[in-house]
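The values are calculated or read from the model by the stated rules, or taken from the named source; none is laboratory data. Computed from a prediction, not measured in an experiment: that's the story for all the values here. Cβ atoms come from the backbone with ideal geometry, glycine included; neighbour counts cover every protein chain shown. These area figures cover heavy atoms from the full protein model, side chains too; ligands, DNA and RNA do not enter into them. Shrake-Rupley method; radii C 1.70, N 1.55, O 1.52, S 1.80 Å.
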Amino acid sequence: MGIVKLAELIRREAPGAVSHKRIGDYAGKAVAMDTSITLCQFRAALPRLRNRDGAYLSSVMGLFYRTLHFLERGLKPVFVFEGRPPAQKRGALERRAEAEGRILGTERASSQTEDCQRLLRLLGVPYLQFVDLCILLGCDFCEKIRGLGPRKALDLIRKHKTIENVVLHINREVHPIPLCWKYQEARSLFLEAAGGYGGGQALSWTEPDEEGLVTFLCRERHMKEERVRRRLERFRAGLLERETEREEAGGGPAGRQTSLTQFFRVTRRRQAPDAEEAEGSCKKPRAQ
C-alpha cells in the first residue's frame, strides 16, 4: 500500500527510525523482499521492454539480474508475494499503468507472478505466502484454535510447516480443535484471493539451474541467450573466487564442490555496475 510522502514525513519527524546501510551489511542474513514494490520499480524503469511476442519482460529480466546481484553480495533473499489487489486500488493501478505506457489488464497479473515464481525456483531462491499462519492467528473465514497466541502459532508453523501437521502434534487438551474446522476452505479462499498462487517453498537456497533458466528465459521468453549465459558465467566465477578466498583463509578444505549457502558469509563491495546489468537491475532499493 503506497502512502504519499510517508517516507519523507518519517525522515523529517522521526529521523531515528531510518537507517542507511550498504548491501554488504546484510551478508549472511535472510532478507525479505516486498515483491510487488520490486516489480513496480522494474516496470517503471523499463516500461516498454517487451519480447518479440509483445509480452512485457521488465519484471522477469529485472528480477533475474537483481536476485543474482543479491546472491553475489552474500544476501539470502526471500521474496514475499501479496494477493490480488482489491477493487479500491484499481484507480491507482490504472494511473500507474498509464504513466508506464501500458494498459491495465492487457497482461494477467497472475501470469506475471507465475513467471516470477518460476524464475525464483530456477534461481534456487525461496518465496512465501503466510496463509496457514494467518489461519492459525485467526481470520474472518473460519474459527481459530482456542488459546493459541501468535508466538505459539508461529512456533508451530516453523516446526510443522502446515496446519495438517500442526493438528497432528498440538496438545488438544490445552488447545482444542474447533468442531468441523473449515481451515481448508479458508485456505482456498486466501489462495483464490491471491490469484491461485502456490504456497511457496521452504526457506532453503540452492544453486541456480542454468539450463532451466536458459530454457525459460531464452527459449520461452525470448531473452538473448548469450546475455543470460554470460551473466550466469560471471556469477559462477564470482562464487569460485570466493571459495578460493575462503579456503586460503582457512575456512574449509580445497578440492571439493561447495554448496551455494557456504558463500553467504563472504562479501565484497561492488566497484561499478556494467551497462548490461544496469539495464536489467534498475535502481537498488535503499534499506530502511
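Taking residues in the stretch 55-73 that are closer than 17 Å to G212 by Cβ, and partners anywhere that are crowded, with 23+ Cβ neighbours inside 10 Å and β-branched (V, I, T), the pairs with Cβ atoms closer than 6 Å and at least 6 places apart or on different chains are T67/V125.
Among the residues of the stretch 21-65, just one is in a loop (DSSP other than H, G, I, E, B), open to solvent by 60 Å² or more (accessible area, probe 1.4 Å), touching a Phe, Trp or Tyr at 6+ places or on another chain (Cβ under 9 Å) and closer than 17 Å to K76 by Cα, namely K29. When H160, H175 are screened for being over 23 Å from D34 (Cα atoms) and touching a residue at least 12 places away in the same chain (Cβ under 8 Å), only H175 passes. Residues that are farther than 19 Å from V78 by Cβ, at pLDDT 80 or above and surrounded by fewer than 16 Cβ atoms within 10 Å (Cβ to Cβ) do not occur anywhere in the stretch 188-201. Here T258 passes the criteria (1) in a helix (DSSP H, G or I); (2) at pLDDT below 90 except the one numbered (1). Taking into account only those residues within the stretch 123-160 that are of a type in the set (G, A, S) and within 23 Å of S188 (Cβ to Cβ), which is most open to solvent (accessible area, probe 1.4 Å)? The qualifying residue most open to solvent (accessible area, probe 1.4 Å) is G138.
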